[in-house]
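The values are calculated or read from the model by the stated rules, or taken from the named source; none is laboratory data. Here the structure is a predicted model, which means the values were calculated and not measured. Cβ placement follows ideal geometry from the backbone for every residue including glycine, while neighbour counts extend to all protein chains displayed. Surface areas here come from the heavy atoms of the whole protein model, side chains and all, with no ligands, DNA or RNA. Shrake-Rupley method; radii C 1.70, N 1.55, O 1.52, S 1.80 Å.
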Amino acid sequence: MSRPPVGRDAARPSTTGDHRRPDPAARERTRPTLLLAVLLFVGMVVAMVSTLGTLLIPVIAGDYGVAPATAQWVLTATLLAGAVATPVLGRLGDGCLRKPVLIAGLAAVAAGSVLAATAGPFWQLLLGRGLMGVGMGLMPLTIAVAREYLPPHRLRSAVAALSVTVATGAGIGYPVTGLLTDHVHYRAGFWLAAALAALAMAAAMLVVPPAERGRGRGGRDPAGTFLLGAALVALLLALSRADAWGWTSPRVAALLAVAVVAAVAWCCVELRVSRPLIDLRYLALRPVWVADVCGMIMGFGMYGLSMLVILLAQTPRGTGAGLGAGAAITGLVLLPQSIGTLIAQTLLTRARGRIGSRAALVVGSVTATCAAVLLGLRHGHLAELALGMTVVGIALGTTFAAMAALIVTAVPTGETGSATSLNQVARTVGGAVGSAVMVALLTARSGPGHVFDDSGFRLCFAVQAGVFALSAATALCLPRDADTRRAVPGPKRFPGRRSAGKDSAT
């Protein structure tokens with residue numbers, strides 16, 4: 001077991017493995033504007049692909065003749081695959097394989113899109129959507145690349161822009177998917193996703209610089225990967241089937257027990273291995289755990305609210321709650337979410353240095369709470385839904401940028417991929433749980449033929465408001481100087497674990 005550095009060594013930056021600084025010559029050879037444009041395009045494509053199935057859930061339910069709770073797995077499968085792939089790709093990308101991992105992830109998205117576009121049986125569609133979810137693990141890699149190769153004076157704004165592409169890309173993808181669904185076929189959206197993923201892969205091959213050869217390879221943690229996947233599958237399956245099986249049924253109880261046991265075992269494994277899938281010890285840093293908790297909550301709200309708006313807009317009129325809109329109109333209703341994130345990004349850029357991450361998280365969470373209350377009170381017209389999604393977009397853009405800034409400040413450069421992966425996992429798990437819970441609550445309140453009732457929508461919006469308020473309370477736990485607390489190398493901060501560089505070299 002290594003001892004913590006003392007004396008002069010304590011003040012010297014770590015030079016082992018992933019903690020060495022990037023080569024200045026490599027930064028000079030990189031064209032920052034072009035690199036950032038490619039990274040933003042990759043993030044936009046990944047975000048559009050991840051939410052592609054959300055708008056199509058009512059359409060797919062009718063096409064395959066399945067219940068909405070079953071069709072909802074078109075989204076859940078993507079989020080589940082993304083939650084497992086994110087830490088794996090983030091850890092691999094912390095080494096010299098960063099560029100190959102980025103390209104391989106985009107290739108998986110393209111292959112999954114083709115598989116979904118040509119799907120016959122429902123299981124093939126789910127398999128394709130699962131492969132498309134691998135792309136969600138690429139967001140932390142884009143932030144890691146930006147941190148290594150962009151000039152310091154452009155880093156904060158670049159990280160903020162990359163962080164909000166999750167919401168911006170989703171908002172842009174909704175109307176595009178809707179137009180293709182109404183005027184071509186819903187499978188055309190999958191073909192578009194395949195083309196965009198192939199284009200992003202070509203751009204990454206040409207522009208993204210390779211990592212230094214002296215860096216170690218990212219660690220492998222098969223036990224941690226298996227346990228994390230088992231915990232997530234059991235949890236989401238229990239939540240999605242609880243209404244059909246009964247919340248107190250033995251099958252639901254058994255699945256929840258498996259999820260808890262697997263999660264505890266995963267935490268134990270991650271704390272013992274030298275190169276964990278996700279370094280949970282960074283949760284000892286307050287900015288990191290606050291960002292991750294808020295990320296899970298905002299993910300719950302982002303996907304949960306989008307699901308509610310889609311179902312509310314597309315439910316036929318005369319049922320007491322539906323607005324009878326088609327897929328294209330519903331996509332346009334969701335587009336203001338992207339506009340809201342861009343507004344938030346512009347305001348944060350202009351207010352740089354005058355508003356800290358703590359204040360941004362609190363303001364964003366309170367804004368999201370107000371949006372959920374507004375939608376709960378007024379959701380009888382499409383314009384009211386569009387206004388609510390605009391406010392939601394402002395909230396998401398503010399909070400996502402603040403979370404990324406907190407993590408990048410708190411962890412060493414070599415751990416950026418792994419640390420931001422944890423935040424991405426938190427958002428993804430929150431989104432998967434949020435969408436599953438919203439559909440389960442609506443289904444529990446639905447009438448014959450899965451007709452949703454207005455009281456179910458009001459209940460769901462109230463739940464969303466309470467969850468967002470919890471995010472605001474969590475953000476208040478941050479110290480006021482959270483933005484000025486600089487990162488320290490992992491081996492120094494946590495001396496009980498072997499050097500990452502030694503491990504990667506073996």
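Structure summary
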item: Residue ranges of helices (runs of 4 or more DSSP H) in segment 106-217 with at least 1 members farther than 24 Å from THR33 by Cα; result: 122-133, 152-183, 188-207
item: Single residue of VAL433, VAL425 found to be closer than 30 Å to LEU92 by Cβ, out of contact with any His (no Cβ under 6 Å at 6 or more places or on another chain), at pLDDT below 80 and not in a loop (DSSP other than H, G, I, E, B); result: VAL425
item: Qualifying positions in segment 248-289 - under 30 Å from ALA360 (Cβ atoms) and of a type in the set (Phe, Trp, Tyr); result: TYR282, TRP289
item: Sole residue being at pLDDT 85 or above, in a helix (DSSP H, G or I) and over 21 Å from ALA473 (Cα atoms), chosen from THR341, THR390, THR369, THR346; result: THR390
item: Checklist (1) touching a Pro at 6+ places or on another chain (Cβ under 9 Å); (2) assigned to a helix (DSSP H, G or I); (3) free of Cβ contacts under 8 Å to residues at least 12 places away in the same chain applied to LEU332, failing item; result: (3)
item: Index of the failed condition, ARG187 passing every other in (1) surrounded by fewer than 24 Cβ atoms within 10 Å (Cβ to Cβ); (2) under 14 Å from VAL42 (Cα atoms); result: (2)
item: Any hit, segment 258-271, residues being among the aliphatic types (A, V, I, L, M), farther than 21 Å from VAL463 by Cα, open to solvent by 10 Å² or more (accessible area, probe 1.4 Å) and assigned to a loop (DSSP other than H, G, I, E, B); result: no
item: Every residue from segment 444-503 that is modelled with pLDDT under 70, crowded, with 16+ Cβ neighbours inside 10 Å, assigned to a helix (DSSP H, G or I) and not aliphatic (A, V, I, L, M); result: ASP483, GLY490, PRO491, LYS492, ARG493, GLY501, ASP503
item: Matching residues in segment 234-255 - criterion: being at pLDDT below 80 and in a helix (DSSP H, G or I); result: LEU236, LEU237, LEU239, SER240, ARG241, ALA242, ASP243, ALA244, TRP245
item: Answer residue from segment 126-183, given it is without any contact (Cβ under 8 Å) to a residue 60 or more places away in the chain and under 19 Å from SER357 (Cα atoms) and is most open to solvent (accessible area, probe 1.4 Å) among those; result: HIS153
item: Subset of segment 285-301 (residues that are open to solvent by 10 Å² or more (accessible area, probe 1.4 Å) and in contact (Cβ under 8 Å) with a residue 40 or more places away in the chain); result: LEU285, ARG286, PRO287, ASP292, VAL293, MET296, ILE297, PHE300
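Residue by residue, here is whether (1) modelled with pLDDT of 85 or more; (2) assigned to a helix (DSSP H, G or I); (3) buried (at least 24 other Cβ atoms within 10 Å of the Cβ); (4) touching a Pro at 6+ places or on another chain (Cβ under 6 Å) holds:
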residue	(1), (2), (3), (4)
MET1	no, no, no, no
PRO4	no, no, no, yes
ARG21	no, no, no, no
VAL49	no, yes, yes, no
